[in-house]
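So the structure is just underneath, and the comments pick up after that.
The values are calculated or read from the model by the stated rules, or taken from the named source; none is laboratory data. Here the structure is a predicted model, which means the values were calculated and not measured. All Cβ positions, glycine included, derive from the backbone under ideal geometry; neighbour counts span all protein chains shown.
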Amino acid sequence: MKLCSACLIGVRCRYDGKDKLNRKVVELVKKEVLIPVCPEQLGGLSTPREPSEQRGNRVLTESGKDVTKNFERGAEEVLTLAKLFEIKGAIFKQRSPSCGCGKIYDGTFSGKIVKGDGITTALLRRNGIKVVSEESL
């Protein structure tokens with residue numbers, strides 16, 4: 001049993017109200033249990049919502065609103081689910097400020113990618129949960 005970014009299995013929960021359906025993840029659902037999560041929704045953000053990126057230890061919307069607390073709350077909720085279901089792994093959406101796994105946008109909203117983990121990925125990793133991106137499948 002693993003967690004997965006809900007957008008990867010077709011849930012329209014991204015900032016733009018769309019999904020990021022990934023056929024490999026959908027095929028994986030047929031073989032193992034994947035629990036879909038959207039940390040941003042679990043943190044109280046609406047769908048659709050203004051795009052956000054990490055800038056240092058903060059998460060800011062494109063207009064400059066600080067939504068760090070929402071991202072942290074969502075990450076904590078995902079960790080609660082992981083502990084409840086004794087989850088040891090997750091498949092998350094690359095480059096997301098929540099779910100990014102080794103690559104995230106740089107916080108300038110220019111499309112530039114830098115090394116780093118999203119808020120939820122970082123928290124799960126600190127708690128011993130292996131997180132991979134859908135790109136590594």
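Could we say that residue 114 is closer than 24 Å to residue 64 by Cβ, hydrophobic (A, V, I, L, M, F, W, C) and not in a helix (DSSP H, G or I) here?
yes
Could you count how many residues in region 102-128 are touching a strand residue (DSSP E or B) at 6+ places or on another chain (Cβ under 6 Å), of a type in the set (A, V, I, L, M, F, W, C) and either closer than 16 Å to residue 82 by Cα or at pLDDT below 95 (or both)?
1
Just to be sure before I move on: is residue 90 in a helix (DSSP H, G or I), surrounded by 12 or more Cβ atoms within 10 Å (Cβ to Cβ) and under 13 Å from the mean Cα position of the chain (by Cα) in the structure I sent?
no
Mind listing whichever residues of region 13-41 are part of a loop (DSSP other than H, G, I, E, B) and surrounded by 15 or more Cβ atoms within 10 Å (Cβ to Cβ)?
13, 14, 15, 19, 20, 22, 38 - these are the residues of region 13-41 that are part of a loop (DSSP other than H, G, I, E, B) and surrounded by 15 or more Cβ atoms within 10 Å (Cβ to Cβ).
Condition check ((1) out of contact with any strand residue (DSSP E or B) (no Cβ under 8 Å at 6 or more places or on another chain); (2) not acidic (Asp, Glu)) across all residues:
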{"residue": "14", "(1), (2)": "yes, yes"}
{"residue": "22", "(1), (2)": "yes, yes"}
{"residue": "41", "(1), (2)": "yes, yes"}
{"residue": "56", "(1), (2)": "yes, yes"}
{"residue": "62", "(1), (2)": "no, no"}
{"residue": "69", "(1), (2)": "yes, yes"}
{"residue": "100", "(1), (2)": "no, yes"}
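Of all residues being in contact with a helix residue (DSSP H, G or I) (Cβ under 9 Å, 6 or more places away or on another chain) and of a type in the set (A, V, I, L, M) in region 29-51, which is farthest from residue 136 (Cα to Cα)? Just the residue, please.
By that ranking, first place goes to 45.
Run down 52, 46 and say which single residue is of a type in the set (Ser, Thr, Tyr) and crowded, with 22+ Cβ neighbours inside 10 Å.
Result: 52 is the single residue among 52, 46 that is of a type in the set (Ser, Thr, Tyr) and crowded, with 22+ Cβ neighbours inside 10 Å.
If you check 84, 45, 28, which single one turns out to be among the aliphatic types (A, V, I, L, M) and without any contact (Cβ under 8 Å) to a residue 12 or more places away in the chain?
Every option except 84 fails the conditions.
Taking the criterion of being within 12 Å of the chain's Cα centre (by Cα), surrounded by 13 or more Cβ atoms within 10 Å (Cβ to Cβ) and under 22 Å from residue 23 (Cα atoms), would at least one residue in region 64-85 satisfy it?
No - not one qualifying residue is present in region 64-85.
Check off (1) within 17 Å of residue 2 (Cβ to Cβ); (2) in a loop (DSSP other than H, G, I, E, B) for residue 123 and give me the number that stays unchecked.
Among (1) within 17 Å of residue 2 (Cβ to Cβ); (2) in a loop (DSSP other than H, G, I, E, B), the lone unmet condition for residue 123 is (2).
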